[in-house]
Amino acid sequence: MKRACKQLVAALALTVACAGVAQAELWTGGGDGVSYGDTNNWDVPATAFPGSTRDINGAFTVTRSGNVTVNRTFVNGGAVLNVTGGTHSDSQSGNTIRNFIGSSGAGTVNMSGGSWDIGHITAVGGNGTGVFNLSGGDLNISRGGNTLAGNPNSFGGNSGGSLSVGYGSGSGLFNVTGGSLITRIGAEVGDKGTFRVLGDDATQIGIGSSGTLDGHWWQQAGGVLSMGIDSTGVTKIFIDDTDQVTADPYVHFQDGAVLDLSFFGTTPVAGTWTLMELENNDIEDLGLELSGDTASGWSFNVDNSGANGLLTATYVIPEPATLGMVAAFGAGMLFIRRRFMI
(Lines give C-alpha, C1' and ligand atoms only; values in the text may rest on other atoms or scores of the structure.)
Protein backbone atom coordinates (compact mmCIF):
# COMPACT_ATOMS: atom_id res chain seq x y z
CA MET A 1 0.00 0.00 0.00
CA LYS A 2 2.82 2.41 0.92
CA ARG A 3 4.54 1.68 -2.39
CA ALA A 4 1.32 2.28 -4.30
CA CYS A 5 0.80 5.60 -2.50
CA LYS A 6 4.37 6.67 -3.27
CA GLN A 7 3.88 5.81 -6.94
CA LEU A 8 0.64 7.78 -7.00
CA VAL A 9 2.28 10.82 -5.41
CA ALA A 10 5.18 10.61 -7.88
CA ALA A 11 2.77 10.33 -10.80
CA LEU A 12 0.81 13.36 -9.59
CA ALA A 13 4.00 15.37 -9.13
CA LEU A 14 5.16 14.46 -12.64
CA THR A 15 1.77 15.44 -14.04
CA VAL A 16 1.92 18.84 -12.33
CA ALA A 17 5.51 19.42 -13.50
CA CYS A 18 4.67 18.46 -17.06
CA ALA A 19 1.60 20.67 -17.01
CA GLY A 20 3.79 23.61 -15.95
CA VAL A 21 6.17 22.97 -18.85
CA ALA A 22 3.33 22.47 -21.33
CA GLN A 23 1.92 25.87 -20.49
CA ALA A 24 5.06 27.55 -21.80
CA GLU A 25 4.59 28.51 -25.43
CA LEU A 26 7.82 28.20 -27.43
CA TRP A 27 8.52 30.51 -30.35
CA THR A 28 8.77 28.69 -33.68
CA GLY A 29 8.09 31.50 -36.16
CA GLY A 30 5.65 29.26 -38.01
CA GLY A 31 3.23 32.10 -38.69
CA ASP A 32 4.42 35.39 -40.14
CA GLY A 33 7.78 34.76 -38.45
CA VAL A 34 7.85 38.15 -36.74
CA SER A 35 4.78 39.11 -34.71
CA TYR A 36 4.61 38.28 -31.01
CA GLY A 37 0.81 38.43 -31.22
CA ASP A 38 0.49 35.93 -34.12
CA THR A 39 -0.61 32.70 -32.42
CA ASN A 40 0.78 30.65 -35.31
CA ASN A 41 4.30 31.71 -34.37
CA TRP A 42 4.08 29.63 -31.17
CA ASP A 43 4.16 25.87 -30.80
CA VAL A 44 1.00 25.82 -28.67
CA PRO A 45 -2.01 27.93 -29.71
CA ALA A 46 -2.74 30.75 -27.30
CA THR A 47 -6.32 29.49 -27.02
CA ALA A 48 -5.03 26.29 -25.38
CA PHE A 49 -3.30 28.12 -22.53
CA PRO A 50 -4.59 31.72 -22.37
CA GLY A 51 -2.14 34.06 -20.70
CA SER A 52 0.65 31.49 -20.65
CA THR A 53 4.41 32.02 -20.49
CA ARG A 54 6.01 32.94 -23.81
CA ASP A 55 9.55 31.62 -24.34
CA ILE A 56 11.67 33.06 -27.17
CA ASN A 57 14.85 30.97 -27.17
CA GLY A 58 17.13 31.08 -30.21
CA ALA A 59 18.39 33.44 -32.90
CA PHE A 60 14.98 35.03 -33.48
CA THR A 61 13.92 38.66 -33.87
CA VAL A 62 10.36 39.21 -32.65
CA THR A 63 8.19 42.35 -32.73
CA ARG A 64 5.65 43.02 -29.99
CA SER A 65 3.38 45.81 -31.18
CA GLY A 66 -0.26 44.77 -30.69
CA ASN A 67 -2.15 44.59 -27.41
CA VAL A 68 -1.09 41.34 -25.72
CA THR A 69 -1.65 39.94 -22.21
CA VAL A 70 0.37 36.90 -21.07
CA ASN A 71 1.82 35.53 -17.83
CA ARG A 72 5.53 35.98 -18.49
CA THR A 73 8.07 36.48 -21.28
CA PHE A 74 11.54 34.89 -21.57
CA VAL A 75 14.13 36.19 -24.06
CA ASN A 76 17.17 33.89 -24.31
CA GLY A 77 19.53 32.02 -26.62
CA GLY A 78 20.40 35.02 -28.84
CA ALA A 79 16.80 36.25 -29.18
CA VAL A 80 15.82 39.91 -29.72
CA LEU A 81 12.41 41.27 -28.73
CA ASN A 82 11.42 44.68 -30.13
CA VAL A 83 8.54 46.41 -28.32
CA THR A 84 7.42 49.17 -30.68
CA GLY A 85 3.83 49.98 -29.66
CA GLY A 86 0.61 48.68 -28.18
CA THR A 87 -0.51 47.97 -24.63
CA HIS A 88 1.06 44.91 -22.99
CA SER A 89 0.72 43.11 -19.69
CA ASP A 90 2.79 40.25 -18.26
CA SER A 91 0.48 39.78 -15.34
CA GLN A 92 1.49 36.68 -13.35
CA SER A 93 2.38 37.65 -9.77
CA GLY A 94 4.45 35.95 -7.10
CA ASN A 95 7.67 36.61 -5.21
CA THR A 96 9.62 34.02 -7.24
CA ILE A 97 8.05 34.88 -10.62
CA ARG A 98 10.31 36.66 -13.10
CA ASN A 99 10.67 37.78 -16.68
CA PHE A 100 14.11 36.51 -17.71
CA ILE A 101 16.18 38.40 -20.29
CA GLY A 102 19.51 36.72 -20.97
CA SER A 103 19.32 34.11 -18.23
CA SER A 104 20.78 31.53 -20.64
CA GLY A 105 22.67 32.73 -23.68
CA ALA A 106 22.09 36.26 -24.91
CA GLY A 107 18.77 38.05 -24.69
CA THR A 108 17.95 41.60 -25.82
CA VAL A 109 14.83 43.73 -25.43
CA ASN A 110 14.56 46.99 -27.38
CA MET A 111 11.59 49.04 -26.18
CA SER A 112 10.89 52.12 -28.29
CA GLY A 113 7.14 52.61 -27.83
CA GLY A 114 3.89 51.42 -26.31
CA SER A 115 3.26 50.61 -22.66
CA TRP A 116 4.31 47.45 -20.87
CA ASP A 117 3.19 46.47 -17.39
CA ILE A 118 5.19 43.63 -15.81
CA GLY A 119 3.58 42.21 -12.67
CA HIS A 120 6.70 40.57 -11.22
CA ILE A 121 10.46 41.05 -11.02
CA THR A 122 12.33 41.71 -14.28
CA ALA A 123 15.72 40.01 -14.34
CA VAL A 124 18.24 41.28 -16.91
CA GLY A 125 21.28 39.01 -17.12
CA GLY A 126 21.92 35.76 -15.29
CA ASN A 127 23.95 32.90 -16.70
CA GLY A 128 23.94 34.69 -20.05
CA THR A 129 24.11 38.25 -21.34
CA GLY A 130 20.97 40.31 -20.88
CA VAL A 131 20.36 43.75 -22.38
CA PHE A 132 17.29 45.98 -22.01
CA ASN A 133 17.36 49.14 -24.16
CA LEU A 134 14.63 51.61 -23.22
CA SER A 135 14.41 54.44 -25.77
CA GLY A 136 10.66 55.15 -25.74
CA GLY A 137 7.32 54.05 -24.34
CA ASP A 138 6.34 53.45 -20.72
CA LEU A 139 7.73 50.52 -18.73
CA ASN A 140 5.97 49.82 -15.45
CA ILE A 141 7.35 47.00 -13.29
CA SER A 142 4.35 47.00 -11.00
CA ARG A 143 5.29 44.22 -8.58
CA GLY A 144 8.36 42.94 -6.78
CA GLY A 145 9.87 39.63 -5.78
CA ASN A 146 12.60 37.93 -3.79
CA THR A 147 15.92 39.64 -4.28
CA LEU A 148 18.54 38.36 -6.74
CA ALA A 149 21.40 40.84 -6.52
CA GLY A 150 21.42 42.11 -2.95
CA ASN A 151 19.87 41.45 0.43
CA PRO A 152 17.68 44.40 1.40
CA ASN A 153 16.61 42.67 4.61
CA SER A 154 20.05 43.46 6.04
CA PHE A 155 19.68 47.15 5.23
CA GLY A 156 16.54 49.27 5.18
CA GLY A 157 12.89 48.34 5.33
CA ASN A 158 11.83 46.95 1.94
CA SER A 159 12.03 43.27 1.07
CA GLY A 160 12.77 42.17 -2.47
CA GLY A 161 13.00 44.19 -5.66
CA SER A 162 11.32 44.90 -8.98
CA LEU A 163 14.34 45.15 -11.30
CA SER A 164 17.54 43.09 -11.09
CA VAL A 165 20.44 43.80 -13.45
CA GLY A 166 23.55 41.59 -13.63
CA TYR A 167 23.50 38.56 -11.37
CA GLY A 168 24.77 34.97 -11.61
CA SER A 169 27.69 34.16 -13.91
CA GLY A 170 26.60 36.35 -16.83
CA SER A 171 26.14 40.08 -17.24
CA GLY A 172 23.30 42.56 -17.50
CA LEU A 173 22.80 46.04 -18.97
CA PHE A 174 19.76 48.26 -18.51
CA ASN A 175 20.19 51.20 -20.87
CA VAL A 176 17.90 54.27 -20.74
CA THR A 177 17.94 56.86 -23.52
CA GLY A 178 14.24 57.80 -23.52
CA GLY A 179 10.77 56.74 -22.44
CA SER A 180 9.83 56.23 -18.80
CA LEU A 181 10.59 53.62 -16.14
CA ILE A 182 8.74 53.18 -12.87
CA THR A 183 9.01 50.29 -10.42
CA ARG A 184 6.96 49.17 -7.45
CA ILE A 185 9.91 48.52 -5.13
CA GLY A 186 13.65 48.55 -5.74
CA ALA A 187 16.27 48.33 -8.44
CA GLU A 188 19.31 46.14 -7.81
CA VAL A 189 22.59 46.26 -9.72
CA GLY A 190 24.64 43.13 -9.22
CA ASP A 191 28.39 42.74 -9.49
CA LYS A 192 28.12 42.06 -13.24
CA GLY A 193 25.44 44.64 -13.93
CA THR A 194 25.33 48.13 -15.44
CA PHE A 195 22.47 50.60 -15.16
CA ARG A 196 23.08 53.35 -17.72
CA VAL A 197 21.28 56.64 -18.37
CA LEU A 198 22.34 58.65 -21.41
CA GLY A 199 21.07 62.23 -21.69
CA ASP A 200 17.81 63.69 -20.43
CA ASP A 201 15.31 62.47 -23.04
CA ALA A 202 13.75 60.00 -20.59
CA THR A 203 10.63 61.51 -19.04
CA GLN A 204 10.90 59.67 -15.72
CA ILE A 205 12.98 57.15 -13.81
CA GLY A 206 11.00 56.52 -10.64
CA ILE A 207 12.19 53.70 -8.41
CA GLY A 208 9.27 52.90 -6.10
CA SER A 209 6.90 55.22 -8.00
CA SER A 210 4.45 52.48 -9.04
CA GLY A 211 2.06 51.53 -6.25
CA THR A 212 2.23 52.25 -2.53
CA LEU A 213 5.60 50.79 -1.46
CA ASP A 214 8.82 52.79 -1.17
CA GLY A 215 11.74 52.42 -3.53
CA HIS A 216 15.32 51.42 -2.93
CA TRP A 217 18.61 51.21 -4.83
CA TRP A 218 21.06 48.40 -4.04
CA GLN A 219 24.39 48.36 -5.89
CA GLN A 220 26.96 45.68 -5.24
CA ALA A 221 30.75 45.92 -5.51
CA GLY A 222 31.62 45.83 -9.21
CA GLY A 223 28.14 46.92 -10.25
CA VAL A 224 28.16 50.05 -12.42
CA LEU A 225 25.97 53.13 -12.47
CA SER A 226 26.80 54.88 -15.76
CA MET A 227 25.55 58.41 -16.45
CA GLY A 228 26.10 60.32 -19.71
CA ILE A 229 25.53 64.09 -19.69
CA ASP A 230 24.14 65.58 -22.90
CA SER A 231 23.79 69.26 -23.87
CA THR A 232 20.84 69.76 -21.49
CA GLY A 233 21.81 67.40 -18.68
CA VAL A 234 20.75 63.90 -17.64
CA THR A 235 17.53 62.31 -16.36
CA LYS A 236 18.01 61.75 -12.65
CA ILE A 237 17.05 58.54 -10.88
CA PHE A 238 14.42 59.30 -8.24
CA ILE A 239 14.05 56.92 -5.29
CA ASP A 240 10.48 57.47 -4.13
CA ASP A 241 9.17 57.73 -0.57
CA THR A 242 5.71 56.80 -1.76
CA ASP A 243 3.82 56.62 1.54
CA GLN A 244 5.39 59.82 2.95
CA VAL A 245 5.02 58.37 6.46
CA THR A 246 8.22 56.55 7.38
CA ALA A 247 11.71 56.86 5.88
CA ASP A 248 11.69 53.43 4.26
CA PRO A 249 13.29 54.27 0.90
CA TYR A 250 17.04 53.85 0.78
CA VAL A 251 20.14 53.85 -1.40
CA HIS A 252 22.96 51.45 -0.61
CA PHE A 253 26.32 51.55 -2.42
CA GLN A 254 28.60 48.72 -1.37
CA ASP A 255 32.34 49.27 -1.05
CA GLY A 256 33.61 48.92 -4.63
CA ALA A 257 30.40 49.95 -6.36
CA VAL A 258 31.31 51.89 -9.51
CA LEU A 259 30.18 55.23 -10.93
CA ASP A 260 31.01 55.85 -14.60
CA LEU A 261 30.70 59.45 -15.87
CA SER A 262 30.92 60.82 -19.39
CA PHE A 263 29.44 63.26 -21.89
CA PHE A 264 26.91 61.98 -24.39
CA GLY A 265 26.66 63.58 -27.83
CA THR A 266 28.10 66.88 -26.69
CA THR A 267 31.43 68.54 -26.04
CA PRO A 268 32.62 68.70 -22.42
CA VAL A 269 31.32 71.63 -20.41
CA ALA A 270 31.91 72.57 -16.80
CA GLY A 271 28.98 72.05 -14.46
CA THR A 272 27.29 70.04 -11.73
CA TRP A 273 24.39 67.64 -12.31
CA THR A 274 22.11 65.65 -10.00
CA LEU A 275 22.31 61.96 -10.86
CA MET A 276 20.16 60.45 -8.12
CA GLU A 277 17.76 61.79 -5.50
CA LEU A 278 16.62 59.79 -2.46
CA GLU A 279 13.43 61.20 -0.97
CA ASN A 280 13.35 61.78 2.81
CA ASN A 281 16.45 59.77 3.67
CA ASP A 282 20.26 59.76 3.53
CA ILE A 283 22.25 57.90 0.90
CA GLU A 284 24.36 55.10 2.39
CA ASP A 285 27.76 55.22 0.64
CA LEU A 286 30.17 52.52 1.81
CA GLY A 287 32.72 53.13 -0.95
CA LEU A 288 31.35 54.25 -4.30
CA GLU A 289 34.26 54.90 -6.68
CA LEU A 290 34.82 56.36 -10.14
CA SER A 291 35.44 53.90 -12.97
CA GLY A 292 38.80 53.71 -14.67
CA ASP A 293 37.14 54.88 -17.89
CA THR A 294 35.97 58.15 -16.38
CA ALA A 295 38.06 61.00 -17.79
CA SER A 296 40.00 63.45 -15.67
CA GLY A 297 38.06 66.50 -14.56
CA TRP A 298 35.16 64.48 -13.11
CA SER A 299 34.26 64.14 -9.44
CA PHE A 300 31.15 63.16 -7.50
CA ASN A 301 29.59 64.00 -4.18
CA VAL A 302 27.08 62.36 -1.85
CA ASP A 303 25.16 65.20 -0.19
CA ASN A 304 22.97 64.30 2.79
CA SER A 305 22.72 67.84 4.16
CA GLY A 306 19.13 68.38 3.05
CA ALA A 307 15.86 66.51 3.43
CA ASN A 308 16.64 64.40 0.37
CA GLY A 309 19.92 62.60 -0.22
CA LEU A 310 21.62 63.62 -3.47
CA LEU A 311 24.28 62.06 -5.66
CA THR A 312 25.83 64.73 -7.87
CA ALA A 313 28.58 64.81 -10.50
CA THR A 314 30.84 67.76 -11.28
CA TYR A 315 33.06 68.35 -14.27
CA VAL A 316 35.86 70.92 -14.27
CA ILE A 317 37.68 71.53 -17.54
CA PRO A 318 41.38 70.78 -16.94
CA GLU A 319 43.70 73.80 -17.07
CA PRO A 320 45.89 74.07 -20.22
CA ALA A 321 48.99 73.85 -18.06
CA THR A 322 47.75 70.57 -16.63
CA LEU A 323 47.07 69.24 -20.10
CA GLY A 324 50.58 70.29 -21.13
CA MET A 325 52.14 68.46 -18.20
CA VAL A 326 50.17 65.33 -19.07
CA ALA A 327 51.35 65.54 -22.69
CA ALA A 328 54.97 66.10 -21.62
CA PHE A 329 54.85 63.17 -19.25
CA GLY A 330 53.48 60.95 -22.02
CA ALA A 331 56.20 62.08 -24.43
CA GLY A 332 58.87 61.42 -21.81
CA MET A 333 57.64 57.91 -21.17
CA LEU A 334 57.61 57.23 -24.91
CA PHE A 335 61.25 58.45 -25.18
CA ILE A 336 62.33 56.20 -22.30
CA ARG A 337 60.58 53.21 -23.84
CA ARG A 338 62.28 53.79 -27.20
CA ARG A 339 65.68 54.60 -25.64
CA PHE A 340 65.91 51.38 -23.70
CA MET A 341 64.06 49.12 -26.14
CA ILE A 342 66.14 46.04 -27.00
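The values are calculated or read from the model by the stated rules, or taken from the named source; none is laboratory data. As the structure is a prediction and not an experimental result, all values here were calculated from the model. Virtual Cβ from ideal backbone geometry, glycine too; neighbours counted across all protein chains shown. In case anyone asks, the SASA skips ligands and DNA or RNA and just uses the protein heavy atoms, side chains included. Shrake-Rupley method; radii C 1.70, N 1.55, O 1.52, S 1.80 Å.
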Applying the Karplus parametrisation 6.51 cos²θ - 1.76 cosθ + 1.60 with θ = phi - 60° to the phi angles of the range 57-66, what ³J(HN,Hα) value in whole Hz is obtained for each residue in order, glycine and proline being reported as x? 9, x, 7, 10, 10, 10, 10, 10, 10, x
Estimated FRET transfer efficiency when R0 is 41 angstrom, pair GLU319-SER112 (beta carbons, to 0.05): 0.45
Once the other residues with Cβ under 11 Å from the Cβ of MET227 are scored (Lys, Arg +1; Asp, Glu -1), what is the net sum? -1
FRET E, pair THR312, VAL245, Förster distance 35 Å, beta-carbon r, rounded to 0.05: 0.80
Please give me the summed charge of the neighbours of GLY29: other residues whose Cβ is under 12 Å from its Cβ, Lys and Arg +1, Asp and Glu -1. -3
With all protein chains present, the range 93-317 has a carbon and sulfur share of its accessible area (1.4 Å probe) in percent of 46
Tell me whether the range 55-132 comes out rounded, prolate or oblate; compute the Cα gyration tensor, take square roots of the eigenvalues as a ≥ b ≥ c, and use a/c under 1.5 as the rounded threshold. oblate
By how many nm would the segment from THR84 to SER291 lengthen if fully extended, with 0.36 nm per residue of separation less the alpha-carbon distance? 71.2 nm
Anisotropy class of the range 201-275 from Cα gyration tensor, a/c 1.5 cut: oblate
Cα gyration tensor shape of the range 93-317, rounded if a/c is under 1.5, else prolate or oblate by comparing a/b with b/c: rounded
Using a cut-off of 15 Å between beta-carbons, work out the net charge of the residues near ASN67 (Lys and Arg +1, Asp and Glu -1, ASN67 not included). -2
Calculated FRET value between ASN301 and ASP255, using beta carbons and R₀ = 22 Å, to 0.05: 0.80
Rolling a 1.4 angstrom probe over the protein heavy atoms, how many square angstrom per residue are accessible across the range 93-317? 35
Taking placed amide H atoms and a strict 5 Å upper bound, the residues 5 or more places from ILE205 or on another chain that come that close are LEU181, PHE238
For the pair THR212 and SER169, how long in nm is the line joining their label points, each one 7 Å along Cα→Cβ? 4.3
Read phi for every residue in the range 237-244 and hand back ³J(HN,Hα) as whole Hz from Karplus 6.51 cos²θ - 1.76 cosθ + 1.60, θ = phi - 60°, with x for Gly and Pro. 8, 9, 9, 8, 8, 5, 7, 6
If I stretch the segment between ALA221 and ASN95 completely, what's the gain in nm (0.36 nm per residue apart, minus their alpha carbon distance), one decimal? 42.9 nm
Once amide H atoms are placed 1.01 Å from N in the peptide plane, what residues at a sequence separation of 5 or more from HIS120, or on another chain, have their amide H within under 5 Å of its amide H? SER142, ARG143
Residue-by-residue Karplus 3J(HN,Hα) for the range 224-232, coefficients 6.51, -1.76, 1.60, Hz, glycine and proline x: 10, 9, 10, 10, x, 8, 9, 5, 10
Can you pull the one-decimal nm distance between simple spin-label points at VAL269 and ASP32, each 7 Å off the Cα toward Cβ? 4.3
Report, by chain and number, residues whose modeled amide H sits under 5 Å from the one on ILE185, excluding near sequence neighbours (fewer than 5 apart, same chain). SER162, GLY208
